[in-house]
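For reference, the structure is listed below as structure tokens.
The values are calculated or read from the model by the stated rules, or taken from the named source; none is laboratory data. On a predicted model such as this, the values are computed, not experimentally measured, just so you know. So basically every Cβ, Gly included, is an ideal-geometry build from the backbone, and we count neighbours across all protein chains shown.
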Amino acid sequence: MPTDPREAIGVCGNTSPWQPPLQSWQTGGAGAGDIPAAVKSNLAWPPTEINGAGALDSLPSYTPTGPLVTLPVPTYTAAGSSASAGSGWNNPSDNAGMNVPISGCTYPDPWVNPATAPPPVCAAGGGAAARRAEALEPHITSPPQS
């Protein structure tokens, strides 16, 4: 890649540039969020196995009971300002808990060599199968409104 952008014209060789306009399903219109049944049947949730990691019941599990993590909101110092910065959480109806470690279970050190064997699977709270059942189904959210 040339370091001078003026010399980069044609370097990437895009053989398939985007051709407008966007289709309706690409902008939240008709067909947006529709997942064909054939795709759903081939991509079951939760998966029973992760490629390269094995069966889910042999992997460390977490529980979705942690508090929501929000970004700090800005503060306004202008005299007479009445603007509200909110709470840092954009969607008040999205109140599913954050995934956190299960009390009493041991987890692998995230900074350890990946070839190191993980600790045995924890059966606290009903075992891996029960924890998988807690997983929420994914859902399509509507696009932001301007």
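A few notes on this one:
- Exactly one residue out of 52, 88 is within 24 Å of the chain's Cα centre (by Cα), within 30 Å of residue 103 (Cβ to Cβ) and surrounded by 10 or more Cβ atoms within 10 Å (Cβ to Cβ), and it is 88.
- Looking only at the stretch 12-65, residues that are farther than 30 Å from residue 116 by Cα, among the hydroxyl-bearing types (Ser, Thr, Tyr) and not in a loop (DSSP other than H, G, I, E, B) come to 2 in all.
- Condition check for residue 16: within 30 Å of residue 97 (Cβ to Cβ) and not basic (Lys, Arg): no
- Inter-residue pairs, beta-carbon under 7 Å, first under 20 Å from residue 145 (Cβ atoms) and in the stretch 9-33, second aromatic (Phe, Trp, Tyr) and surrounded by 10 or more Cβ atoms within 10 Å (Cβ to Cβ), 6+ apart: 31/25; 32/25
- Verdict on residue 83 being aliphatic (A, V, I, L, M), over 30 Å from residue 145 (Cβ atoms) and either part of a strand (DSSP E or B) or over 21 Å from the mean Cα position of the chain (by Cα) (or both): no
- The stretch 27-42, residues that are modelled with pLDDT under 90 and of a type in the set (S, T, N, Q): 41, 42
- None of 37, 32, 44 is surrounded by fewer than 10 Cβ atoms within 10 Å (Cβ to Cβ) and over 30 Å from residue 121 (Cβ atoms) except 37.
- Restricting 99, 113 to residues that are modelled with pLDDT of 75 or more and exposed (fewer than 10 other Cβ atoms within 10 Å of the Cβ) narrows the list to 113.
- Every pair of residues 6+ apart whose Cβ atoms lie under 8 Å, when the first sits in the stretch 64-75 and is within 17 Å of residue 94 (Cβ to Cβ) and small (Gly, Ala, Ser) while the second is outside any loop (DSSP other than H, G, I, E, B) and modelled with pLDDT of 80 or more: 66/98; 66/99; 66/100
- The stretch 96-118 residues that are under 26 Å from residue 69 (Cα atoms) and in contact (Cβ under 8 Å) with a residue 12 or more places away in the chain, paired with ones that are outside any strand (DSSP E or B) and β-branched (Val, Ile, Thr) (beta carbon under 9 Å, 6 or more apart): 98/69; 105/121; 108/116
- Flag if residue 93 is among the small types (Gly, Ala, Ser), touching a residue at least 12 places away in the same chain (Cβ under 8 Å) and part of a loop (DSSP other than H, G, I, E, B): no
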